[in-house]
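Take a look at the structure below.
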Amino acid sequence: MRFEEAYPLIPEVLSGVTGLHVDPVQVQAPGDDPRSDLQILAGKYRFLVEFKHASSADSVGAAARVLTGDRTGEAELTIPLLVVPHMGAVGRRIADAADLSWLDLSGNACIRAPGLHVRVLGRPNRFPRRGRPRTLFAPRGSRIVRRLLLSPDEHFSQRGLSRETGVDKGYTSRYVRSLSKAGLVTRETPPDGPRENRIRVNDPDLLLDAWAEAYRFDDHRIWRGLTASRSGEETLARVAEVLAGLNGDYAFTGLAAAWLYSSYAAFRLVTAYVRDPAVVAVLETAGVREQSTGANVWIAIPNDDGVLHGAAIVRGMPCVSTLQTYLDLKAHPERAAEAAAELRRSALPWSMT
């Protein structure tokens with residue numbers, strides 16, 4: 001949604017959630033204040049509105065920096081207000097952490113000011129976006145996020161991140177800057193020692209949630225098949241036997257990997273990342289026939305080799321990292337949501353410290 005489309009809706013929705021009367025003549029251009037797109041006078045309050053077309057971490061983080069900056073001399077009843085079409089859970093957490101009032105055009109809001117406290121949640125998105133929105137978590141950037149979250153207490157140099165992830169230095173520098181603007185990492189220059197900035201994660205749970213909100217398992221190429229089996233463990237052993245004979249990189253993910261990591265919940269579906277698409281023919285020879293309905297084997301050809309970074313041998317089976325497993329469970333059936341919650345509670349790097 002463009003600002004031109006949102007402009008006529010903002011006063012109406014603001015009036016609806018606050019109960020304040022908004023006179024159309026009191027809806028004005030920002031004038032000399034470059035930090036807002038719109039000024040609205042409603043009752044005794046003056047709202048400085050910044051509109052963002054999405055509530056992604058980078059959009060909300062950027063708005064928070066602008067709207068909560070130095071406002072020395074402003075009247076007490078001047079309220080910086082972020083407006084988006086629909087506020088997601090991650091954007092809401094970033095805004096709340098910054099003590100930033102917000103409103104979405106779907107009718108949700110959290111507005112705090114002297115004599116005014118509005119909190120409306122749970123209204124559905126009236127403006128779903130078509131296609132795939134731009135995301136901060138494209139494959140190359142996700143390599144950097146994955147490395148940061150695998151060691152969330154560590155301080156990294158940009159040079160080290162570039163070397164460890166295989167992402168060039170220029171992209172690493174730009175990407176870390178974007179994460180910093182979103183409030184997801186902090187760049188620190190040590191008073192003594194090396195001059196290069198050190199990067200640390202501010203809140204690993206928030207960074208993971210922002211990543212999970214944008215992540216799509218079906219961005220990988222997925223082959224689905226069915227094999228006769230009495231249990232998920234039997235399917236896992238059969239698929240592992242086939243993959244082990246290919247001398248190619250592979251690792252299990254999803255429900256099977258979650259079970260290997262945490263022993264939580266029986267499973268039927270076995271999913272593996274495999275770099276070589278030729279594995280499909282070998283699986284079919286081994287009795288796994290292609291079938292979408294009722295499939296109990298998913299083979300994912302990754303859109304980036306970064307998904308295998310941090311892989312480990314777990315109970316004799318190669319598995320992607322707990323982080324990647326958690327992300328992939330979002331797209332899995334059965335008891336995937338419960339398995340993800342247990343994995344997050346018991347096996348993510350910061351849960352084990």
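First check a/c for segment 278-340, with a ≥ b ≥ c the square roots of the eigenvalues of its C-alpha gyration tensor; if it is under 1.5, answer rounded, and if not, answer prolate when a/b is larger than b/c or oblate otherwise. Taking the square roots of the gyration eigenvalues as a ≥ b ≥ c, segment 278-340 is oblate. The heavy atoms of SER292 offer some 90 square angstrom of accessible surface to a 1.4 angstrom probe.
For the chain, lysine pairs with C-alpha atoms less than 30 angstrom apart, excluding pairs fewer than eight positions apart on the same chain, total 6.
For segment 108-211, the Cβ-based charge dipole about the Cα centre amounts to some 760 debye (Lys, Arg positive; Asp, Glu negative; other atoms uncharged).
The coefficient of translational diffusion for segment 72-154, derived via Stokes-Einstein from the alpha carbon Kirkwood radius under 25 °C and 0.890 mPa s, stands at 159 µm²/s.
Can you compute the charge dipole magnitude of segment 226-353 about its Cα centre, using +1 on each Lys and Arg Cβ and -1 on each Asp and Glu Cβ, nothing else charged? Give it in debye, rounded to the nearest 20.
Values: 10 positive and 13 negative charges, 69 e Å.
Value, rounded to 20: 340 debye.
Taking all protein chains into account, the per residue accessible area for segment 52-166 stands at 46 Å² (1.4 Å probe).
About the Cα centre, and with charges only on the beta carbon of Lys, Arg (+1) and Asp, Glu (-1), how big is the dipole of the chain? Nearest 20 debye, please.
Values: 44 positive and 41 negative charges, 52 e Å.
Magnitude of the dipole: close to 240 debye.
Computed over the chain, relative contact order equals 12 percent, with contacts defined as Cα pairs under 8 Å that lie 6+ residues apart.
The values are calculated or read from the model by the stated rules, or taken from the named source; none is laboratory data. Here the structure is a predicted model, which means the values were calculated and not measured. Backbone-built Cβ (ideal geometry, glycine too); neighbour counts: all protein chains shown. These accessible areas exclude ligands, DNA and RNA; they are computed on the full protein's heavy atoms, side chains included. Shrake-Rupley method; radii C 1.70, N 1.55, O 1.52, S 1.80 Å.
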